[in-house]
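Participant: This is the structure, below, for whatever I ask next.
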2 protein chains.
Amino acid sequence: MLRTHTCGELRLSHLNQTVTISGWVQGVRDKGSLIWIDLRDRYGITQITIETENIAADIVSLARTLGREYVISVSGKVSERYSKSDKIPTGEIEIIPDSIRLLNKSITPPFTIEDDTDGGDDLRMRYRYLDIRRNPVRKNLELRHRMAIETRNFLDGLNFLEVETPVLIKSTPEGARDFIVPSRINQGEFYALPQSPQTFKQLLMVGGFDRYYQIVKCFRDEDLRADRQPEFTQIDCEMAFVEQEDVLQTFESLVSYLFKKIKGIEVPTLQRMTYAHAMQYYGNDKPDTRFDMTFCDLTSTVKGKGFKVFDEAQIVLAICAKGAANYTRKQIDELTDFVKRPQIGCTGLIYCRFEANGSAKSSVDKFFNEEELLKWKAATRAEAGDLLLILAGEETRTRKAMSELRLEMGTRLGLRDKNTFSCLWVIDFPLLEWNDETSRWHAMHHPFTSPKPEDIPLLNTQPGQVRANAYDMVINGVEVGGGSIRIFNKELQAKMFELLGFSPQEAVNQFGFLMNAFEYGAPPHGGIAFGFDRLCSLFGGADVIRDFIAFPKNNSGRDVMIDSPSVISQEQLNELGIVLNNTGNKD
Amino acid sequence: MLRTHTCGELRLSHLNQTVTISGWVQGVRDKGSLIWIDLRDRYGITQITIETENIAADIVSLARTLGREYVISVSGKVSERYSKSDKIPTGEIEIIPDSIRLLNKSITPPFTIEDDTDGGDDLRMRYRYLDIRRNPVRKNLELRHRMAIETRNFLDGLNFLEVETPVLIKSTPEGARDFIVPSRINQGEFYALPQSPQTFKQLLMVGGFDRYYQIVKCFRDEDLRADRQPEFTQIDCEMAFVEQEDVLQTFESLVSYLFKKIKGIEVPTLQRMTYAHAMQYYGNDKPDTRFDMTFCDLTSTVKGKGFKVFDEAQIVLAICAKGAANYTRKQIDELTDFVKRPQIGCTGLIYCRFEANGSAKSSVDKFFNEEELLKWKAATRAEAGDLLLILAGEETRTRKAMSELRLEMGTRLGLRDKNTFSCLWVIDFPLLEWNDETSRWHAMHHPFTSPKPEDIPLLNTQPGQVRANAYDMVINGVEVGGGSIRIFNKELQAKMFELLGFSPQEAVNQFGFLMNAFEYGAPPHGGIAFGFDRLCSLFGGADVIRDFIAFPKNNSGRDVMIDSPSVISQEQLNELGIVLNNTGNKD
């Protein structure tokens, strides 16, 4: 028996018990007549105290050879500490050892195993097995475990069944790029890894499964941006015999349950915001609603006063930063630089301060007198002490830029506390979006999303005006989940593929099985998928999903710990019937 | 709202409530003045009763157009049935509809959606979404869901953490063949899909995670035998600071819990049987212990009596089939044919009947008189009425053949009831087995399995004699799980790789990260993995794992429903930098 207790559980109530604990040496302090060893495991730290004159010499000499991260097993008596610590839960006791067994040595770790480590990102990833010994990383993964098990139990309680869908499926070109897997038995043919279990969960609904969920790995071979992983995890869900309202209520209840259970937070009923509203007032389909600072359209108010920037702009938008009238010239310059960055691309920023004394001062006083500025104040509902920030230009770009500026101001004003949570539904998304590059309509969610029944007549005439029965759950400006009511009718699905530029033959080749399934009594159905990595990072109060994945890949899709991907043997290639194209041509 | 209740929940207690239910038309009976519709969903069947003269004409005419598997939503009042049925839980009530809404039509399904369907295997797989509408298949998948959630909650209660390990990993040639995934970003390099999360779970132990589990997909690109799937699911577990006994007790408690919770069965403490014992008495390392009929070695008893078959045999083995002395000539001939089949390969079967009157009659009476036969009786502890079945020949082959014969006799004598469960641990496996083909030692479990400390000295001298700290859980002759205590010392791991024919460079290339990890304070650890598909099928009382997988592949690794694997576009191949080798050479 290598342990009777963990390093986190002994208390005064265990006094005088003989116990065995095992773990890693966090540190050793040697004062000559006394040696203290802090022994650590996943559950905590326990102090071992050695009075060198009252104990077997071999224990003392072993204790003096111990280095950091050595693994030992200690048997001894639980004793009350002379000087207690209230910093750790075991701080009232110590172990007086009868024996210490060295289980394994450790060479010096490449970084310190402490909450604040001296290891950089690259080093931590290369030695991830040491990084996860650190409390913050372990706690993230414990949170993830807890989120998963609570999600499962909640959905199980609602009669949802977890069904495993296949990982080796079929490549479909719609959407992102697939990872593919050569088949050895069927040479020249390939499996693909699923970008989501979308079609399978729909088939489960056709199959009468009614309420499905799965916490499931999905795969996308995309050019990796920061904080994207080629493999990621979804809470994937689908329900039959539902309308949009049923889905929203069910998954609102899941998220409320998780907040209550994991964070002890009561989430109020989720606001429903239309896509159109979100774009108009936040310039963004995933608005951060922890703070207001919504857009005010000043276009008609400011035009015709001789200021060319406004007069030539398609739109003039303002946000009101409460209490920021005292921003210094330097701060304003920083904001100007912020909006002029190439990623945002504005030519400048106009501001107007509403001073405490009631006066107004703008960067365009040459064109707008006090009376005009007070019109701005009224339009934006600004108050004394507020700062108005104004952008002008082409509509789409200006809205996008203002969204960025709003978030920046939210951060600067401390309105984006990671421990405050604002959840909402964004609904009524457009069904389609035009893609200039391919000169065709693309599905905004995916090709299986149902148009709103009342908008179906517009499919032939104004496809861009058709709204979908689609919804996103947004928390703190992050899209944590999205879904839709699905098409469950073969003709409508065929029409949708046609709009998306599929030939009838392509539609049948790729999704024939689904369209056939719709002929055998497909029920109305819909669902949602949550990005589980992202949801965990949000609950953990962090920005980076990588910290919530045990063994993540870097931004080149590489696992630097195991050094993968890697070359394989010629024999393996031969068996698969594939040859490497060594021209290095990536196209 | 498409339903207020399911088709399985209405009772007399709901009398006179107005409800809405939705589902599939299981059948319609039209008696002119009365039409009954059986409406089915996942939860049950509810009868809709239409008195044609007392109801709106449009409901009647719609009802008369309904075919099997049409999808409808019915609103109406819960009413007490005139003639009640005790065959279904809703048999005391019926719905008198106010309205019926046709949600979707169905063309005629290719097979009947009934418990006993007329559909063959191929057809059922092609239309799996219809097959899973049938109760038996749905119940299998419900069982699987229940097994998974109970497993998770049990392990969570023991402080196990579920940690997701990566799916895109690195190819390693030891073990079965990997599925590989070409990397587009790192052309010429490949990921591999995991055959198990073995190295990652060991790294989690090095990382202090202590108690890990995961219900996880694994992948093997093997030539598929019947009932093997290229992707399968494991309950994968690992513990640190444990010895073999800790692991056995922990996972014995898991399986006992599942039997109790799912099947209502109390499992007695599991027997521990050594590999040597299992091979000696059952000729098999996964003995079916639902019945005895163990091997009796008659070699020394029967030699030297002039019967050449025995005299030239390396071993002569007998099993005693209780109460089978009355087997007919025809039955004995069937058994003889059974052992002569090429898969078993015996030249013949010798028998001896012990009649009720105390006499003995054998097929080799020419060589053995009654006195000799009574010696056999004593040696095998046979009783009057029993039948002795004897095989002779080369030892390994004869044990194997006798194992098959024993199972066959168990089946014939009704000793292998699918609702009886006999669980045991097989322990003390050999560490290595010699492979004639490769002329080297192979790991019997895997290269990370620890030898028994007392056998380590034999590694250099008699590797074949070294026993491993490895164990299998066997239920009803099926290996449902297996595991081991792992090597956690770099030198011993290197020694093991050397024994397995790895060059030091190969060992470092493939498992360098693990051996490096062992230098930073690796704790003693060990674990187990259960075949989840198999465990579910066993609990479900079925032989075929495919019935417990929602969307299985056939014996050619093909998903006939979605038609995968399939060809991919030239563009995809180009992006990945691979070319098909069209010579069709599979080697």
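Participant: A 22 angstrom limit on the alpha carbon distance is what I want to check against. Which of A:Lys400/A:Lys553; A:Lys170/A:Lys217; B:Lys217/B:Lys400; B:Lys201/B:Lys286; B:Lys105/B:Lys553; A:Lys340/A:Lys375 exceed it?
Facilitator: Among A:Lys400/A:Lys553; A:Lys170/A:Lys217; B:Lys217/B:Lys400; B:Lys201/B:Lys286; B:Lys105/B:Lys553; A:Lys340/A:Lys375, the Cα-Cα distance tops 22 Å for A:Lys400/A:Lys553; B:Lys217/B:Lys400; B:Lys201/B:Lys286; B:Lys105/B:Lys553; A:Lys340/A:Lys375.
Participant: Further question on the same structure: Between B:Gly385 and residues 5 or more places away or on another chain, which pairs have amide H atoms under 5 Å apart, with H built 1.01 Å from N, and which residues are they?
Facilitator: Here B:Phe354, B:Glu355, B:Ala356 satisfy the definition.
Participant: So what's chain A giving for Rg/Rh, alpha carbon basis, Kirkwood Rh from the mean inverse pair distance?
Facilitator: Checking Rg against Rh, the ratio lands at 1.05.
Participant: Another one. Along Cα→Cβ, 7 Å out, is where each label goes; now give me the distance between the ones at B:Asp333 and B:Thr396 in nm to one decimal.
Facilitator: 3.5 nm
Participant: Placing +1 at every Lys and Arg Cβ and -1 at every Asp and Glu Cβ, with all other atoms neutral, what dipole size does the protein assembly as shown have around its Cα centre, in debye to the nearest 20?
Facilitator: Roughly 940 debye, rounded to the nearest 20.
Participant: How large is Rg/Rh for the range B:476-574, to two decimals, with Cα atoms and a Kirkwood Rh?
Facilitator: Using Cα coordinates only, the ratio equals 1.16.
Participant: Expected output is a single nm value to one decimal: the length gained when fully extending between A:Asp543 and A:Thr274, i.e. 0.36 nm times separation in residues minus the C-alpha distance. What is it?
Facilitator: Residue separation times 0.36 nm, minus the Cα-Cα distance, leaves 94.2 nm.
Participant: While we're looking at this one, here's another question. Please tell me the relative contact order of the range A:291-412 in percent, rounded to the nearest whole number, where contacts are Cα pairs under 8 Å and at least six residues apart.
Facilitator: 35 percent
Participant: Considering amide H positions built from the backbone, and no H for Pro or chain starts, which residues 5 or more places from A:Glu479, or on another chain, come under 5 Å of its amide H?
Facilitator: Those qualifying (amide H under 5 Å, at least 5 residues apart or on another chain) number zero.
Participant: Could you derive backbone 3J(HN,Hα) for the range B:477-482 from the dihedral phi with the Karplus parameters 6.51, -1.76 and 1.60 (θ = phi - 60°), listing whole Hz in sequence and x where the residue is Gly or Pro?
Facilitator: Once θ is set to phi - 60°, the couplings for the range B:477-482 become x, 10, 7, 8, x, x Hz.
Participant: Kindly report, to the nearest 10 Å², the accessible surface of A:Glu222 as traced by a 1.4 Å probe over protein heavy atoms only.
Facilitator: Accessible surface of A:Glu222 is approximately 50 Å².
Participant: Given the alpha-carbon gyration tensor of the range A:423-518, what are the semi-axes of its equivalent ellipsoid in whole angstrom, ordered largest first, with each equal to the square root of 5 times an eigenvalue?
Facilitator: 24, 15, 13
Participant: In peptide A:155-165, what is the residue-averaged number of other protein chain Cβ atoms found within 10 Å of each Cβ?
Facilitator: Counting other chains' Cβ atoms within 10 Å and averaging over A:155-165 gives 5.
Participant: Residue-wise, which Karplus ³J(HN,Hα) couplings in Hz belong to the range A:380-386, taking 6.51 cos²θ - 1.76 cosθ + 1.60, θ = phi - 60°, and x for glycine or proline?
Facilitator: Going residue by residue, I get 8, 6, 6, 10, 4, x, 8 Hz, with x marking Gly and Pro.
Participant: Roughly how crowded by other chains is peptide A:10-23, in terms of the mean Cβ count from those chains within 10 Å of each of its Cβ atoms?
Facilitator: 1
Participant: If amide H atoms are built 1.01 Å from N in the plane of the peptide, which residues on other chains or at least 5 residues away come under 5 Å of the amide H of A:Asp559?
Facilitator: Correct list: A:Asn554, A:Ser564.
Participant: Relative contact order for chain B: what percent, with Cα pairs under 8 Å and sequence separation of 6 or more?
Facilitator: 12 percent
Participant: Right, next: What shape does the range B:216-328 take by its C-alpha gyration tensor, where a ≥ b ≥ c are the square roots of the eigenvalues and a/c under 1.5 counts as rounded, a/b above b/c as prolate, and the rest as oblate?
Facilitator: prolate
Participant: A follow-up question, please. If eta is 1.002 mPa s and T is 20 °C, what Stokes-Einstein diffusion coefficient results for the range A:259-299, Kirkwood Rh from Cα pairs, in µm²/s?
Facilitator: 177 µm²/s
Participant: Give a residue-ordered list of calculated ³J(HN,Hα) values for the range B:71-80 (Karplus: 6.51 cos²θ - 1.76 cosθ + 1.60, θ = phi - 60°; whole Hz; x for Gly, Pro).
Facilitator: 10, 9, 10, 10, 10, x, 9, 6, 10, 7
Participant: So how much accessible area does A:Val167 have, in Å² to the nearest 10, using a 1.4 Å probe?
Facilitator: Roll a 1.4 Å probe over it and A:Val167 shows about 20 Å².
Participant: Oh, and also: List the extent of the Cα atoms of the protein assembly as shown along each of their three principal axes, largest first, rounded to whole Å.
Facilitator: 128, 102, 67
Participant: In Å, what Rg and Dmax follow from the Cα atoms of the range A:288-356?
Facilitator: In order Rg, Dmax, the Cα atoms of the range A:288-356 give 13.3, 37 Å.
Participant: Once you average over the residues of A:105-118, how many Cβ atoms of partner chains fall within 10 Å of each Cβ?
Facilitator: For this peptide, the per-residue mean of nearby foreign Cβ atoms is 2.
Participant: Show that you can apply the helix-only estimate: for chain B, add -39,500 (n - 2.57) for every DSSP H stretch of four or more residues, divide by all residues, and state [θ] at 222 nm to the nearest 500.
Facilitator: -8000 deg cm²/dmol
Participant: Another question, then. Averaging over all projection directions, find the projected area of the Cα convex hull of the range A:12-104 and quote it in nm² with one decimal place.
Facilitator: 5.5 nm²
The values are calculated or read from the model by the stated rules, or taken from the named source; none is laboratory data. Since we're looking at a predicted model, the values are computed, not measured. Positions of Cβ are generated from backbone atoms using ideal geometry, with glycine treated the same way; all protein chains shown enter the neighbour counts. Each accessible area value is taken on the protein alone, full model and side chains, heavy atoms only, with ligands, DNA and RNA left out. Shrake-Rupley method; radii C 1.70, N 1.55, O 1.52, S 1.80 Å.
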